[in-house]
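Peer 1: Structure incoming, see below.
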Amino acid sequence: MKIRINGEEIEARGQTLAAILEELGYGEAKVATAVNETFVPATARGVTLSPGDRIEIVAPRQGG
């Protein structure tokens, strides 16, 4: 299924946000996620995705 991750179109095998995160190597990483501009908490990442969905993945940064 074709989806957009952080603005880049990819062909993904997973059908849920959790599966996509695993597929991309994020697994247990602490990241913030959104699907179609709607925040998705870690506890709700079992949400089923559809072709064309837009996913944003943001990792926390440190610095100042």
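Peer 1: Pull up the range 2-24, narrow it to residues that are surrounded by fewer than 13 Cβ atoms within 10 Å (Cβ to Cβ) and within 13 Å of VAL58 (Cβ to Cβ), then point me to the one that is farthest from the chain's Cα centre (by Cα).
Peer 2: The qualifying residue farthest from the chain's Cα centre (by Cα) is GLY7.
Peer 1: Step by step: first the residues of the range 43-64, then only those that are surrounded by fewer than 16 Cβ atoms within 10 Å (Cβ to Cβ) and of a type in the set (A, V, I, L, M), then the one that is modelled with the lowest pLDDT. Which residue is that?
Peer 2: Filtering first and then ranking leaves ALA59.
Peer 1: Against the conditions (1) modelled with pLDDT of 95 or more; (2) touching a Pro at 6+ places or on another chain (Cβ under 9 Å); (3) exposed (fewer than 15 other Cβ atoms within 10 Å of the Cβ), where does PHE39 fall short? Just the number, please.
Peer 2: Here PHE39 clears every test but (2).
Peer 1: May I pose another question? Consider GLY27 carefully, then state whether it is modelled with pLDDT under 95 and either over 11 Å from the mean Cα position of the chain (by Cα) or closer than 22 Å to GLU11 by Cβ (or both).
Peer 2: yes
Peer 1: Would you please name the residue that is farthest from the chain's Cα centre (by Cα), looking only at residues in the range 30-64 that are within 11 Å of ILE5 (Cα to Cα) and of a type in the set (A, V, I, L, M, F, W, C)?
Peer 2: Here the residue is VAL58.
The values are calculated or read from the model by the stated rules, or taken from the named source; none is laboratory data. Everything quoted here is computed from the prediction, not taken from an experiment. Please note: Cβ atoms are built from the backbone with ideal geometry, for glycine as well, and neighbour counts cover all protein chains shown.
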